[in-house]
1. Is it fair to say ARG130 is free of Cβ contacts under 8 Å to residues at least 60 places away in the same chain, surrounded by fewer than 16 Cβ atoms within 10 Å (Cβ to Cβ) and assigned by TED's automatic domain parsing to the domain that holds ASP68?
2. Considering only residues that are assigned to a loop (DSSP other than H, G, I, E, B), acidic (Asp, Glu) and either touching a Phe, Trp or Tyr at 6+ places or on another chain (Cβ under 7 Å) or farther than 21 Å from ARG130 by Cβ (or both), which ones fall in the stretch 82-115?
3. Out of (1) exposed (fewer than 13 other Cβ atoms within 10 Å of the Cβ); (2) among the β-branched types (Val, Ile, Thr); (3) in contact with a Leu (Cβ under 9 Å, 6 or more places away or on another chain), the odd one out for VAL99 is which?
4. Output the residue which, of all residues in the stretch 62-86 that are crowded, with 17+ Cβ neighbours inside 10 Å and not hydrophobic (A, V, I, L, M, F, W, C), is nearest to ASP120 (Cα to Cα).
5. When the stretch 9-22 is examined, which residues are found to be surrounded by fewer than 10 Cβ atoms within 10 Å (Cβ to Cβ) and either in a strand (DSSP E or B) or hydroxyl-bearing (Ser, Thr, Tyr) (or both)?
Amino acid sequence: MSTLLYRGHVYEHQPAAEKVCKQLNYRGKGYNTCDEHHLGDLHPHLSYRGIGYDKSLEEVEECRLRNDRQSYLSLTRRLVRAQFQLADESRTSQLWQEVIHRGMDVDRITHLMYGCQFHDDDNAMLIADREYQKKSHR
């Protein structure tokens with residue numbers, strides 16, 4: 001067994017305790033702590049203050065696409081600033097490495113950089129991105 005000295009106290013390594021299953025009752029429903037749950041399936045129909053929230057696949061996919069699009073727009077803006085406005089070679093290289101590391105579509109970012117005149121305008125960026133999406137899905 002290994003020992004650890006921490007703030008003047010010696011601690012001995014102990015094996016991990018085995019998981020103990022418990023049967024819990026809450027508001028008339030039984031819950032077992034050893035049951036396997038998929039986090040997405042726990043509450044498919046939530047309601048908060050009378051507003052229903054449905055975790056449908058379309059909504060999850062739409063949310064993922066929206067976050068994906070925001071990532072592309074944000075990174076494109078940073079690239080435009082570094083490459084065109086500041087002419088900072090090292091920062092531009094770092095950002096392109098980030099694009100590659102994250103597995104992003106290089107053609108999509110290039111289209112956003114050169115296909116949109118006003119990178120600060122969200123609507124112009126969205127239009128340019130939708131144009132690219134239409135062309136790439138043909």
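The values are calculated or read from the model by the stated rules, or taken from the named source; none is laboratory data. Computed from a prediction, not measured in an experiment: that's the story for all the values here. Because the Cβ atoms are built from the backbone with ideal geometry, glycine has one as well, and the counts that use them run over all protein chains shown.
1. Values: free of Cβ contacts under 8 Å to residues at least 60 places away in the same chain: yes; surrounded by fewer than 16 Cβ atoms within 10 Å (Cβ to Cβ): yes; assigned by TED's automatic domain parsing to the domain that holds ASP68: yes.
Yes, satisfied.
2. First, the residues of the stretch 82-115 that are assigned to a loop (DSSP other than H, G, I, E, B): 86-88, 102-105.
Filter once more, keeping what is acidic (Asp, Glu): 88, 105.
Of everything in the stretch 82-115, just one residue is assigned to a loop (DSSP other than H, G, I, E, B), acidic (Asp, Glu) and either touching a Phe, Trp or Tyr at 6+ places or on another chain (Cβ under 7 Å) or farther than 21 Å from ARG130 by Cβ (or both), namely ASP88.
3. (1)
4. Within the stretch 62-86, the subset crowded, with 17+ Cβ neighbours inside 10 Å is 72-73, 75-76, 79-80, 82-83.
Checking which are not hydrophobic (A, V, I, L, M, F, W, C) leaves us with 72, 76, 83.
On the way: TYR72: 13, THR76: 10, GLN83: 15 Å.
Here the residue is THR76.
5. The first filter runs over the stretch 9-22 and keeps only residues surrounded by fewer than 10 Cβ atoms within 10 Å (Cβ to Cβ), leaving 9-10, 12-22.
Result: HIS9, VAL10, GLU12.
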